[in-house]
Amino acid sequence: MKITYIHHSAFAVVGDKKVFIFDYFLGELPQFDENAQIYAFASHKHPDHFSLDLFHSLEKYNHVTYFLANEIRLNEKYLERKGINPAVKSRMIPVKRHMRTNHNDIVVETLESTDTGVAFIVEWDGNTIYHAGDLNWWHWNMGTEEENERMGLRYREEIDRLKGRHFDAAFVPVDPRLEDAYDYGIRYFMEQTDTANVFPMHFWRDYGILDKLVQSERNSFFADRVKAICGEGDTWEI
């Protein structure tokens, strides 16, 4: 499969006439085969994970399905006012936490985010990928000890649902705003899962935090599986 980093938490995954786009709101999308089956995912409605530009950017393609967290509510009149063909509504599939659904020949599962919305697991043709959305171990220095303990418990409970599971690729937050806790979430995820390639995201263009991630001794057990991101538009074949 070919993976392209678009911006922030947005990635495109291309494999055998299928395209998967996650949390696109800004940036340059690759050009796809016009007959490809395209699946676009929006984990929640925060403006750094979803915008109506998703629909404008994909309107030229013939076969697009949208999996949208059910907090993203769009009716036909609103879409029309925003210059979007209201017929796109029929290609939107709302998703909620802890669900599993088959669509054509892909399987989509969700976890509950520790912030809002969902995380996605997608299976097709023997491949499995994970996109966290805002499911992360949000340990804030400004938070109380009780709040941070509760957050850690919620995150571990969700990730424990994936214990021992194999992922060909996973997209997981590494947020520098969390200071020393920037890697709590990705490290626990890698401890619990069998992930071949992990792509940091949600790092607010602070590429230095990615060097810190792989150079830290506490992350040495998975550092060789972290894909180095140098800029938007970077691509990998895995």
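Rule-based calculations on the coordinates, nothing more; no lab input. Because the structure is a prediction, the values reported are computed rather than measured. We place every Cβ from the backbone using ideal geometry, glycine too, and count neighbours over all the protein chains shown.
Order these by the 10 Å Cβ neighbour count, fewest first: ASP211, ASP23, ASP115.
ASP211, ASP115, ASP23
Pull up all non-local amide H partners of THR193: gap of 5 or more, or a different chain, and H-to-H distance under 5 Å with H placed in the peptide plane.
Residues meeting the criterion, in which the H sits 1.01 Å from N, are GLY164.
Determine the alpha carbon to alpha carbon distance for each of LYS60/LYS89; LYS18/LYS212; LYS18/LYS77; LYS45/LYS89; LYS45/LYS163; LYS45/LYS82 and list only those over 23 Å.
The pairs that break the limit, which is 23 Å between Cα atoms, are LYS18/LYS212; LYS18/LYS77; LYS45/LYS163.
If we sort 24-31, 41-48 on the protection proxy, mean other Cβ atoms within 10 Å, highest first, what's the order?
41-48, 24-31
Which chymotrypsin sites (Phe, Trp or Tyr not before Pro) from the stretch 120-198 combine a DSSP loop assignment with at most 15 other Cβ atoms within 10 Å?
Of the chymotrypsin sites (Phe, Trp or Tyr not before Pro), the ones in loops of the stretch 120-198 whose Cβ has at most 15 other Cβ atoms within 10 Å are TRP140.
For the chain, give the magnitude of the charge dipole about the Cα centre (Cβ charges: +1 Lys/Arg, -1 Asp/Glu; no others), in debye to the nearest 20.
Its charge dipole is roughly 760 debye.
So how strong a dipole does the stretch 47-149 carry about its Cα centre when Lys and Arg Cβ are +1 and Asp and Glu Cβ are -1, to the nearest 20 debye?
820 debye
For the chain, what is the mean residue ellipticity at 222 nm derived from helices alone (per DSSP H run of n ≥ 4: -39500 (n - 2.57); sum divided by total residues; nearest 500 deg cm²/dmol)?
Rounded to the nearest 500, the figure is -5500 deg cm²/dmol.
³J(HN,Hα) across the stretch 81-93 via Karplus (A = 6.51, B = -1.76, C = 1.60, θ = phi - 60°), whole Hz, x for Gly/Pro?
With the stated coefficients, the stretch 81-93 comes to 4, 8, x, 10, 4, x, 5, 5, 4, 5, 9, 9, 10 Hz.
Taking amide H atoms as placed 1.01 Å from N in the peptide plane, list the residues 5 or more away in sequence, or in a different chain, whose amide H sits under 5 Å from that of PHE222.
none
Mind listing the long-range amide H neighbours of ALA119? Cut-off is under 5 Å, sequence gap 5 or more, other chains count too, H placed in the peptide plane at 1.01 Å from N.
LEU111, GLU112, SER113
With θ set to phi - 60° and the Karplus curve 6.51 cos²θ - 1.76 cosθ + 1.60, what are the ³J(HN,Hα) couplings of the stretch 152-161 in order, to the nearest whole Hz, using x for Gly and Pro?
With the stated coefficients, the stretch 152-161 comes to x, 5, 4, 5, 4, 4, 5, 5, 4, 5 Hz.
Work from the charge dipole of the stretch 173-227 (Cβ charges, +1 for Lys and Arg, -1 for Asp and Glu, about the Cα centre) and give the residue of TRP204, PRO176, SER220 farthest towards its positive end.
Projecting each Cα onto the dipole axis, the largest value belongs to TRP204.
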